[in-house]
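Data first, discussion second: the structure below is written as C-alpha cells.
FYI, it's all coordinate maths here, none of it is from the lab. Owing to the predicted nature of the structure, the values given are computational and were not obtained by experimental measurement. Reconstructed Cβ throughout: ideal geometry from the backbone, glycine too, with neighbour counts over all protein chains shown.
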Amino acid sequence: MVQYPNTYGSVESPGEPYKDFTARVHDAGAMVICATDLLALTKLAPPASWGADIAVGSAQRFGVPMGFGGPHAGFLSTSDKYSRKMPGRIIGVTVDSAGKPCLRMAMQTREQHIRRDKATSNICTAQALLANMAAAYAIYHGPEGMQNIAGRIHALARVAHRELAKVGFTVTDDAFFDTITVDVSSKGMTSIQVQAGAVSVGANVRVIDEKKVGISMGEGITREDLSNLLSGAFGIQDVDVSADASLMEVDSSVAREGEILTHPIFRMHHSETQMLRYLKALENRDLSLNHSMIPLGSCTMKLNATSEMIPVTWPGLCHIHPFAPVDQVQGYHELIEDLNKDLAEITGFAAVSAQPNSGATGEYAGLLTIMRYLASIGESHRNVCLIPKSAHGTNPASAAMAGMKVVVVDNDDQGNVDMNDLKEKIEKHRENVAAFMVTYPSTFGVYEEGIVEVIEAVHEAGGQVYMDGANMNAQVGLTSPGLIGADVCHLNLHKTFCIPHGGGGPGVGSIGVAKHLAPFLPGHVAEPEASGKLCGNDICVPRKDGAVAAAPFGSAAILPISWMYIKMNGTDGLKAATGYAMLNANYMSARLSGAYDVLFVGRNGQCAHEFILDLRPLKAATGVTEEDVAKRLQDYGFHSPTMSWPVAGTLMVEPTESEDLAELDRFCDAMLAIRAEIDDVG
C-alpha cells in the first residue's frame, strides 16, 4: 500500500518512480493499493496511470465539513476485473419489465445479507448521504470548477514553500499538492514554538517531531490566513502572498493528462437555481419520512426531530479537525463523555466507545474487544462464534472479519434459539467457544423468554455474549443488555437514538461493554483517550491500538443528535418511547391479524416492537406474492415493510413510537384493502 500524496505531502515515490515500483510488485504476484485524495487527483496523475490496482480514500474534501472526524464518505475504486470481490453495495443499470432503463442493486450474491460469513464484507449501513453530498459538490462545480479549487489550494502551498525557503527554512523539495514539511530547526526553532505561534493567530500546524512541522492548505484558507500563519508561526516579516496563474499547476512530472468528470451531469447545473431544482427533482423521487411512515422491520425508522438536527449545521461543531489539540476540543470531549455515560447507564454496562461508524462496525469492534480480552487471560485459542440461523447477515460476516470460525445454531418453530442445539454446539466446541451473538428481542419480533438461560449456558462454557442492539428500541427503559447478562452490545444510534438513516448512512454503532471488557475497547494512535476516560468510566484504559475508524471518535459531528434525544426525553421519556413503540406494533398486529397470519408472538399473544406477516398461505392460494403486496403498498403512499427477512415470503412491520394513531390506521386500512383485492383475485 502506498499513499499519494503521502503524509509529508510528497507525491513522489522514494527511490524509484511509482510505475517501476508497481511493475516490481506485480512481477512478484502482489497487488498495489493506493490511499489517495480525490481533490488532489483533479490535478495529479491518477493511480491507475502508474499501475495501482485499487484506490481508496475519503471524499470529505468534496464539500463535507471535517466535523471532528466525520461523518464522511469513503471510496474504494478498482477495475472491472475485481468488481465481484468488492465490499458493499453496487448500483447497476438495467431495464425494467417495460424495457425502460432503471437502476438496481447489482451482484448482491456477494453481500452479507445473502452470503453471510462468506460475504466480501460486513457492510450494511455505509455513508450514502455523505456520498450524495460529495457528488452534489462535484456536480455544482463541474470539472473546471474542481480544478480551479485544487489549483488555488496548490498555489497557496507553493507560496508558503517559496516564502519559507526564501528566509532559510529547510522545506521538502519533492513535488507536492497541498502539504509541505518544514524543518524549523534550520532557523533555530522547535516545532512546539511554531505551533504556539500558529495558535496565536488562530491556526494549527502538524507537529511531526521536535524539528519538523507540516502545513496544509485547504479550500477555506485565504491569502490573509496564510500571511498571518507565516508571520505569526514562523516569524517571517514582509510576507509576500502574491501568486499568478502559473502557480496553480502541479509539477509536469506528476500532472494529470486528459479530462475529469466526463459524464454530462457534471456540465449541467452550475447556478444555484439549477442546482436546487436538480436536487429537488431527485428528492421528489424518494419516499421518505416526510411523506409517510416507513415501517421497515428491524430498522427503527423513527422521527429525527428538527431540534436535534440543528446543531449539525453549527460551525463550532463542523469545522474542527479530528486531531486538533486537546485544549481546543474540550466541548466535544465533554459531550462525548457525557453521551457515553448516558448510554452506559441505559445499557447497564460499564463503558461505551463511540468510535464505530455503523452497526456492523460495532459488531466487528465488539468481537475484537472480546478477542483482546480472551488473549489477556491466556485463552487466545478460543475462536468459535456461535450465531443463530435467524441472525442479521452482518453477524456472521463480522465474525468472519474478526478471524472467528462461525458455527450456526438452529431456531425452534417459534423463532427462539433452539436450546438443545445450542447446548450440543457448545459441548462440541467447549474449549474453543469465544462468543455467542444474539439479538434481543429476537429478529422475529418477540422477547425470547429463555434469553437468560442461553446467556448462562455460554458463560458456563467460558464464552462471551455479544448482543446485537438492532432491536434496542424495545429495551430502553424496560430492561438492558447488562441486566440480562450480555458482555457487549452495539447500539445503532441511527435507529434507537434518532440519527437519520440518510438512505444508507451515516450511522454510529457505539459499543457498550461489561466491566471486564472495558480495558479492551478500541483505541487510537492519535488519541489514546478514545478508549480511556472519555468512555464514561475511570476503569477504561488509554490505548493506541485497536482502532476501527480513522477518527478517534468516529462520526463525532452527529453524536449531538443522540445526546439531545436522550437529554430532551430524560428517563421517563425514553421509557415512554419504548412503551409506545410496543403499543403501536401490537395495535397494528391486532388489526391485521384477522386478514393476515401473524407469524410469531410471545406467550401472551403479543409481539415486541415489530411483527411479521406471513404471506405464504396467500401466495399458495392465489399466486399473489409478498413482492406484489410490497409494490401495491407504494400505490397507497407507503414504503414497504422489510420483505422476506428473516423469513422468506413475509413482511416485517415496525411502526416505531413516532407515528400517531391516524397514520397507523392509514397503513392498516391500506393493508386490509390490499387483502380485499387479493380475495378478488383468488
Review point. Can you give the relative contact order of the range 277-410 as a percent, counting alpha carbon pairs under 8 Å and 6+ residues apart?
Key: 14
Point to revise | Shape metrics for the range 114-181, restricted to C-alpha atoms - Rg then Dmax, Å | key: 20.1, 62
Check your understanding: How large is the helix-only mean residue ellipticity at 222 nm for the chain, computed as the sum of -39500 (n - 2.57) over DSSP H runs with n ≥ 4, divided by its residue count, in deg cm²/dmol to the nearest 500?
Key -> -11000 deg cm²/dmol
Review point. Taking the Cβ of Arg603 as the center, what net charge do the other residues with Cβ under 13 Å away carry, scoring Lys and Arg +1 and Asp and Glu -1?
Key: -2
Review point. Of Gly9, Val95, Ala52, whose Cα points farthest to the positive end of the dipole of the range 2-111 (charges on the beta-carbon: +1 Lys, Arg; -1 Asp, Glu; origin at the Cα centre)?
Key: Val95
Practice item. Just tell me which aspartates and glutamates come within less than 15 Å, Cα to Cα, of Lys567; anything on the same chain fewer than 8 places away is out. Key: Glu308, Glu334, Glu337, Asp338, Asp342, Glu345
Practice item. Calculate the spin-label point distance for Arg430 paired with Asp286, positioning each point 7 Å from the Cα along the beta-carbon direction, and give it in nanometres. Key: 5.4
Study note, to complete from the structure: Given unit charges at Cβ for Lys, Arg (+) and Asp, Glu (-), the dipole magnitude of the range 292-446 about its Cα centre in debye, nearest 20, is 400
Study note, to complete from the structure: Treating only Lys and Arg (+1) and Asp and Glu (-1) as charged, each at its beta carbon, one finds that the range 570-681 has a dipole about its Cα centre, in Debye to the nearest 20, of 320
Check your understanding: To the nearest 10 degrees, how steeply does helix 626-635 sit against the main Cα axis of the chain, on a 0 to 90 scale?
Key -> 70
Check your understanding: List the lysines whose alpha-carbon lies under 24 Å from that of Lys619, not counting same-chain residues fewer than 8 positions away?
Key -> Lys631
Point to revise | Residues of type lysines that Lys544 reaches as a straight line, Cα spacing below 21 Å, ignoring anything fewer than 8 places off in the same chain | key: Lys515, Lys533
Review point. Can you give the Rg and Dmax of the range 2-111 based on its C-alpha atoms, in angstrom?
Key: 17.3, 58
Study note, to complete from the structure: Those cysteines in the chain that have no second cysteine Cβ within a distance under 4.7 Å are Cys34, Cys102, Cys124, Cys299, Cys318, Cys385, Cys489, Cys498, Cys607, Cys668
Point to revise | Mean separation of Cα contacts under 8 Å (6+ apart) over length of the range 1-153, as relative contact order % | key: 19
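Neighbouring Cβ atoms within 10 Å as the yardstick, rank Cys102, Cys34, Cys489, Cys318 fewest first. Show your work: numbers first, answer last.
Details: Cys102 12, Cys34 23, Cys489 32, Cys318 15.
In increasing order of surrounding Cβ atoms, one gets Cys102, Cys318, Cys34, Cys489.
What is the sum of charges, Lys and Arg at +1 and Asp and Glu at -1, for the other residues whose Cβ falls under 12 Å from the Cβ of Glu259? Intermediate results must be reported in sequence, preceding the final value.
On the way: positive: Arg256, Arg267; negative: Glu144, Glu257.
That sum, taken over residues with Cβ under 12 Å, equals 0.
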Exercise for review: Note down the Stokes-Einstein diffusion coefficient of the chain in µm²/s, whole number, using a Kirkwood radius over alpha carbon pairs, 37 °C, and 0.692 mPa s.
Suggested key: 120
Practice item. Kindly express, to the nearest 10 degrees and within the range 0 to 90, the angle between helix 191-200's C-alpha long axis and the longest C-alpha principal axis of the chain. Key: 80
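The range 570-681: Rg/Rh from Cα coordinates, Kirkwood Rh? Present the calculation step by step, with values, prior to reporting the outcome.
On the way: Rg = 14.3 Å, Rh = 14.4 Å.
Using only Cα positions, Rg/Rh for the range 570-681 is 0.99.
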Exercise for review: Assign unit charges at the C-beta atoms only (+1 for Lys and Arg, -1 for Asp and Glu), then state the dipole size of the chain relative to its Cα centre in Debye, rounded to the nearest 20.
Suggested key: 920
Study note, to complete from the structure: Summing +1 per Lys or Arg and -1 per Asp or Glu among the other residues with Cβ less than 9 Å from Met437's Cβ gives -2
**Study point:** Angle in degrees between helix 272-283 and the longest Cα principal axis of the chain, rounded to the nearest 10
**Key:** 30
